[in-house]
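The values are calculated or read from the model by the stated rules, or taken from the named source; none is laboratory data. It should be emphasised that the depicted structure is a prediction, and the values quoted were computed from it without experimental measurement. Don't worry about glycine lacking a Cβ; one is built from the backbone with ideal geometry, like all the others, and counts go over all protein chains shown.
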């Protein structure tokens, strides 16, 4: 259980931070796709007798680089990603059927298996988390610039294509980490939802990232704590907390706006 | 013929994407401190001209000097407003953050507090009178407000050359007049050399020194009253062009539209 909190903390902080750029760049679908494509890698690795995380990492970074290379301007990107995504999910199904062992491994990949995480896996997660965070800090300004206005950033000498690829590779690593907590199917809850809530509160990039990280952390910790007492999956609690908060914020927004309009300031 | 007082000097310049020649044989010289309108039909190569000046598209032939140097990406002496419709309404970043990216958005890492960026941003916001809404989300601002912030972004590095790709296209007539006046004032007060792409010359006529006409594979330059005439344009483009004037003195150019319309970009 301690391992779960440790790994959950690392993953939540990374997911919350990178989620800001996912929202800013409107790459939510790409993030989602990465995790699904990773599913084929993870199940394939299980069949080959390897650690599923290794397969996951290879598939997500590979496809992340490819999606990044397609660039932001390509309008048909969503369609292309969707086509590749469907095929890799098919591959994943094949690999599951080939695997003669328990279905638990596949279940953990799909829906998360943080409660069974080991000490060495926590160490790997922490290391990957540090690398991801360092990469985000290094890329911060040019990434922000090219996310807001790619054409302008390119004219100012920002290597936009390189950044697009680098961001997707970093995202792929973050997705791989997050999969351990919530699984490939529920990745949105940690990467996209906290950031999507944060940008509704503030338009300061630094503050939005901080709020996103705190929210992801809160969802993970509270989810883990509830799961300690309740006999239901952690992933369910984390995703529900994320969804519930998002709905509350969206409902509160028009109410707050109308209150502001009504008050004589 | 190279003159010391030229901000942009083109000699027998040809722009091409692969084997497709956009325009060729362009020779013109834009004096320092002048305000030039870049006119011509859609798809004629106006944005391509800006791309060549920015160093994003190498000339296929001929020579070009920009501020006495060969064109190069990321020249801090160039302020640039790319062509766009408007910012995504969901774009949750403050105008202030956007403007400050014009200073150091191309640098790696995060901005350290106490640097010159904040003061320079504030000055630039003041220069375009955008302080009142600089802390609101860019996506939620009106077209005129967004345009002022784009101008603040272009001006923030104290450029010598200002390139603007259709900055007026999303504005109503009143805001067009206000923004053009602002651009003209800044051009005069700071001895800027300003190139502005527009599809309607009328709001610019009281302010511009020169017109660059880009159409039918050719680039021609002249004073507005000399070049925007039926005779001059008909001769340059060896096809019948009519310049019509209405009662309020507004001019309309008829006959330079492309026969085959091809999309911008």
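Of note:
- Residue check, residue A:203 in contact (Cβ under 8 Å) with a residue 60 or more places away in the chain and buried (at least 18 other Cβ atoms within 10 Å of the Cβ): no
- Among the strands (runs of 3 or more DSSP E) confined to segment B:1-42, the ones with at least 3 residues that are surrounded by fewer than 17 Cβ atoms within 10 Å (Cβ to Cβ) and touching a residue at least 60 places away in the same chain (Cβ under 8 Å) are located at B:20-31.
Here is a yes/no grid of residues against (1) more than 8 Å from every other protein chain (Cβ to nearest Cβ); (2) out of contact with any strand residue (DSSP E or B) (no Cβ under 9 Å at 6 or more places or on another chain):
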{"position": "B:65", "(1), (2)": "yes, no"}
{"position": "B:74", "(1), (2)": "no, yes"}
{"position": "B:86", "(1), (2)": "yes, yes"}
{"position": "B:97", "(1), (2)": "no, yes"}
{"position": "B:101", "(1), (2)": "no, yes"}
{"position": "B:105", "(1), (2)": "no, yes"}
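- Residue check, residue B:53 within 14 Å of another protein chain (Cβ to nearest Cβ) and either within 28 Å of residue B:200 (Cβ to Cβ) or out of contact with any helix residue (DSSP H, G or I) (no Cβ under 6 Å at 6 or more places or on another chain) (or both): yes
- If you filter segment B:87-106 down to residues that are in a loop (DSSP other than H, G, I, E, B) and buried (at least 16 other Cβ atoms within 10 Å of the Cβ), you find that the one that is nearest to the chain's Cα centre (by Cα) is B:87.
- Restricting segment B:198-219 to residues that are surrounded by fewer than 21 Cβ atoms within 10 Å (Cβ to Cβ) and within 17 Å of residue B:30 (Cα to Cα) leaves a set whose member that is farthest from the chain's Cα centre (by Cα) is B:218.
Residue-by-condition table, conditions (1) within 16 Å of the chain's Cα centre (by Cα); (2) in contact (Cβ under 8 Å) with a residue 60 or more places away in the chain; (3) on the phi < 0 side of the Ramachandran plot:
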| position | (1), (2), (3) |
| --- | --- |
| A:189 | yes, no, yes |
| A:195 | yes, yes, yes |
| A:207 | no, no, yes |
| A:220 | yes, yes, yes |
| A:224 | no, yes, yes |
| A:228 | no, yes, yes |
| A:235 | yes, yes, yes |
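- For beta carbons closer than 8 Å, sequence separation of 6+ or different chains, a first residue in segment B:243-265 that is more than 21 Å from residue B:229 (Cα to Cα) and a second that is modelled with pLDDT of 85 or more and not in a loop (DSSP other than H, G, I, E, B), the qualifying pairs are B:264/B:47; B:265/B:47.
- Sole residue being closer than 28 Å to residue A:200 by Cα, in contact with a helix residue (DSSP H, G or I) (Cβ under 9 Å, 6 or more places away or on another chain) and either assigned to a loop (DSSP other than H, G, I, E, B) or more than 14 Å from chain B (Cβ to nearest Cβ) (or both), chosen from A:81, A:37: A:81
- Qualifying residues in segment A:43-74 (those that are outside any helix (DSSP H, G or I) and more than 20 Å from residue A:100 (Cβ to Cβ)) - the one modelled with the highest pLDDT: A:71
- When segment B:226-257 is filtered for residues that are within 17 Å of residue B:206 (Cβ to Cβ) and in contact with a helix residue (DSSP H, G or I) (Cβ under 8 Å, 6 or more places away or on another chain), the ones remaining, listed by number, are B:226, B:227.
- Residue A:199 meets the stated requirement of being modelled with pLDDT of 90 or more, within 22 Å of residue A:35 (Cβ to Cβ) and touching a helix residue (DSSP H, G or I) at 6+ places or on another chain (Cβ under 9 Å).
- Considered as a group, the residues in segment B:118-154 that are more than 14 Å from every other protein chain (Cβ to nearest Cβ) and part of a loop (DSSP other than H, G, I, E, B) include one that is nearest to the chain's Cα centre (by Cα), and that residue is B:128.
- For the condition within 14 Å of chain B (Cβ to nearest Cβ), buried (at least 24 other Cβ atoms within 10 Å of the Cβ) and within 19 Å of the chain's Cα centre (by Cα), residue A:23 qualifies.
- A single member of B:93, B:78 is more than 7 Å from chain A (Cβ to nearest Cβ) and either at positive phi or touching a helix residue (DSSP H, G or I) at 6+ places or on another chain (Cβ under 8 Å) (or both), and it is B:78.
- Where residue B:59 falls short, out of the listed (1) surrounded by fewer than 24 Cβ atoms within 10 Å (Cβ to Cβ); (2) at the interface with chain A (Cβ under 10 Å from one of its Cβ atoms); (3) closer than 24 Å to residue B:49 by Cα: (2)
- The one condition in (1) in a helix (DSSP H, G or I); (2) away from every other protein chain (no Cβ under 12 Å) that residue B:169 fails to fulfil: (1)
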